[in-house]
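K.L.:
This is the structure I have questions about; it appears just below.
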Amino acid sequence: MKNTFGNNLSVTIFGESHGDAIGVVLDGLKSGLKIDDDLIEHQLTLRRPYGKIGTSRIEKDEFKIVSGAFNGMTTGTPLTIIIPNSNTKSSDYSAMRSIARPSHADYTAYVRYNGFEDYRGGGHFSGRITAALVAGAAIVLPALYDEGIKIGTHIKSLGGVNDRDFGDLDKDIDLLNDELFAVLDKEAGSKMQDAIEKASLEGDSIGGHLESAITGLRPGIGEPFFDSLESLYAHGLFSVPGIKGVEFGNAFEDCLMHGSEFNDAFRVKDGKIVTVTNHNSGINGGISNGMPVIIKCAVKPTPSVYKTQKTVDFKENRDCDLNIEGRHDPAIIHRARVVVDSILAFVTYDVIN
């Protein structure tokens with residue numbers, strides 16, 4: 001089982017949904033980075049469920065940094081953050097130990113780990129583990145800010161409702177990073193939340209699209225082929241539970257253009273080389289060209305729905321029906337956006353150092 005990602009910065013996650021704690025180890029951080037506890041708490045708040053659009057399982061996320069920090073600064077040695085689990089109801093899962101919940105990892109985990117996996121609440125496959133990623137990324141975000149790099153994500157579409165497009169990227173990113181429900185158009189956001197509540201009342205769930213922007217990334221970052229900037233960002237993003245698609249810019253639509261339309265013409269503006277359009281999403285040949293990197297992610301509907309579903313008992317090798325119990329989100333997209341920001345932060349820090 002491999003739970004480490006990154007080259008210059010190695011990110012290792014550990015823990016299970018209903019275990020004692022979850023956590024993250026960051027190895028490769030520079031020494032002397034200031035640790036902002038308020039920022040860590042803020043980022044964790046953006047991931048935490050709330051109201052009618054979230055699960056009733058609400059963890060306090062009382063994080064503790066147990067290594068790699070001294071006097072509020074990083075030491076340069078591995079930094080470890082631990083977040084206890086305090087609000088678990090493991091009995092909700094005991095009666096369905098060998099029932100494969102559709103679109104969950106119950107069956108594949110059982111096969112992969114020979115039945116020794118912790119199945120409660122999805123175990124190590126649970127989105128709960130992403131809280132540790134969010135806490136860890138809050139260590140590197142200030143270092144990116146100091147480099148002039150900003151990262152922000154909004155809910156682009158959900159339930160047939162579209163948010164407005166990015167405008168002034170830096171201003172929009174600042175706005176989004178303070179929003180609990182990350183949209184640029186408040187009216188669209190209200191309609192999206194109505195759609196989530198409607199799905200919840202029907203015992204169902206809903207997914208959608210996220211759109212992220214990375215600004216301030218200097219040209220010349222990345223490698224051709226296997227460690228291309230697209231490869232690294234996509235690798236990280238596909239590690240986030242629920243992400244089923246990654247698109248750079250409007251790639252699937254724009255790639256239907258003729259080359260003369262798609263090509264980004266180069267110009268000089270205020271002494272800097274820029275492109276007139278950004279169909280390549282700030283990346284040429286796997287390497288940053290200095291323009292903003294724009295990435296979209298497809299987030300699937302939460303797989304746990306309160307409807308009768310057809311499945312199997314994989315121990316008895318028989319068909320059966322499933323009616324789930326427990327506490328589940330009708331949508332995870334609004335919580336996943338800060339996880340996406342966190343993954344983008346890790347990859348960006350990794351490639352610039």
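K.L.:
Name the residue that is farthest from Phe225 (Cα to Cα), counting only residues in the stretch 261-318 that are out of contact with any Pro (no Cβ under 7 Å at 6 or more places or on another chain) and small (Gly, Ala, Ser).
P.N.:
By that ranking, first place goes to Ser304.
K.L.:
Quick one: how many residues across the stretch 178-235 are part of a helix (DSSP H, G or I) and at positive phi?
P.N.:
As a first pass, look at the stretch 178-235 and keep what is part of a helix (DSSP H, G or I): 186-201, 225-227, 229-235.
With the extra rule that they be at positive phi, the set shrinks to 225.
The number of residues fulfilling the criteria is 1.
K.L.:
For the stretch 37-52, give me each residue that is assigned to a helix (DSSP H, G or I) and within 18 Å of the chain's Cα centre (by Cα). First the steps, then the outcome.
P.N.:
Start the filter on the stretch 37-52 by keeping residues that are assigned to a helix (DSSP H, G or I), which leaves 37-47, 51-52.
Listed by number, the residues that qualify are Leu39, Ile40, Glu41, His42, Gln43, Leu44, Thr45, Leu46, Arg47.
K.L.:
Considering the stretch 89-138 alone, what residues qualify as being over 21 Å from the mean Cα position of the chain (by Cα), modelled with pLDDT under 85 and open to solvent by less than 40 Å² (accessible area, probe 1.4 Å)?
P.N.:
Matches in the stretch 89-138: Ser90, Asp92, Tyr93, Met96.
K.L.:
Quickly run through the stretch 96-140 and pick out the residues that are closer than 15 Å to Leu322 by Cβ and of a type in the set (S, T, N, Q).
P.N.:
The answer is Ser98, Ser103.
K.L.:
Go through Thr348, Thr308 for me and flag whichever is hydroxyl-bearing (Ser, Thr, Tyr) and without any contact (Cβ under 8 Å) to a residue 60 or more places away in the chain.
P.N.:
Thr308
K.L.:
Also, I was wondering about something else. If you go through the stretch 157-184, how many residues are among the basic types (Lys, Arg) and open to solvent by less than 30 Å² (accessible area, probe 1.4 Å)?
P.N.:
0
K.L.:
Looking only at the stretch 219-266, which residues are of a type in the set (Gly, Ala, Ser), without any contact (Cβ under 8 Å) to a residue 40 or more places away in the chain and farther than 26 Å from Ile129 by Cα?
P.N.:
Ala251, Gly259, Ser260, Ala265
K.L.:
Same structure, new question: Are any of the residues in the stretch 141-148 closer than 30 Å to Asn323 by Cβ and assigned to a loop (DSSP other than H, G, I, E, B)?
P.N.:
Looking for residues that are closer than 30 Å to Asn323 by Cβ and assigned to a loop (DSSP other than H, G, I, E, B), one finds none in the stretch 141-148, hence no.
K.L.:
Thr215 is checked against (1) touching a Lys or Arg at 6+ places or on another chain (Cβ under 6 Å); (2) open to solvent by 70 Å² or more (accessible area, probe 1.4 Å); (3) polar (S, T, N, Q) and fails just one. What number does that condition carry?
P.N.:
With (1) touching a Lys or Arg at 6+ places or on another chain (Cβ under 6 Å); (2) open to solvent by 70 Å² or more (accessible area, probe 1.4 Å); (3) polar (S, T, N, Q) applied to Thr215, the lone miss is (2).
One line per residue, one yes/no per condition, for (1) closer than 30 Å to Leu33 by Cα; (2) touching a Pro at 6+ places or on another chain (Cβ under 8 Å):
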{"residue": "Ser98", "(1), (2)": "no, no"}
{"residue": "Ser103", "(1), (2)": "no, yes"}
{"residue": "Gly115", "(1), (2)": "no, no"}
{"residue": "Val134", "(1), (2)": "yes, no"}
{"residue": "Leu176", "(1), (2)": "yes, no"}
{"residue": "Ala188", "(1), (2)": "no, no"}
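K.L.:
Now, a different point. Does at least one position in the stretch 237-246 carry a residue that is under 29 Å from the mean Cα position of the chain (by Cα) and over 30 Å from Tyr50 (Cα atoms)?
P.N.:
no
K.L.:
Do we have any residue at all in the stretch 185-199 that's within 27 Å of Glu41 (Cα to Cα), crowded, with 17+ Cβ neighbours inside 10 Å and hydroxyl-bearing (Ser, Thr, Tyr)?
P.N.:
no
K.L.:
For the stretch 254-334, list the strands (runs of 3 or more DSSP E) that sit wholly inside it and hold at least 3 residues that are open to solvent by 30 Å² or more (accessible area, probe 1.4 Å); which are they?
P.N.:
Once the strands (runs of 3 or more DSSP E) in the stretch 254-334 are filtered for at least 3 residues that are open to solvent by 30 Å² or more (accessible area, probe 1.4 Å), what remains is 266-269, 272-275, 309-313, 318-322.
K.L.:
Looking at the structure I just gave you, is Asn353 buried (at least 17 other Cβ atoms within 10 Å of the Cβ) and touching a residue at least 40 places away in the same chain (Cβ under 8 Å)?
P.N.:
No.
The values are calculated or read from the model by the stated rules, or taken from the named source; none is laboratory data. Quick caveat: nothing in here was measured; it's all calculated off a predicted structure. All Cβ positions, even for glycine, are placed from backbone atoms using ideal geometry, and neighbour counts span all protein chains on display. Please note that ligands, DNA and RNA were not included when accessible areas were found on the heavy atoms of the full protein model with its side chains. Shrake-Rupley method; radii C 1.70, N 1.55, O 1.52, S 1.80 Å.
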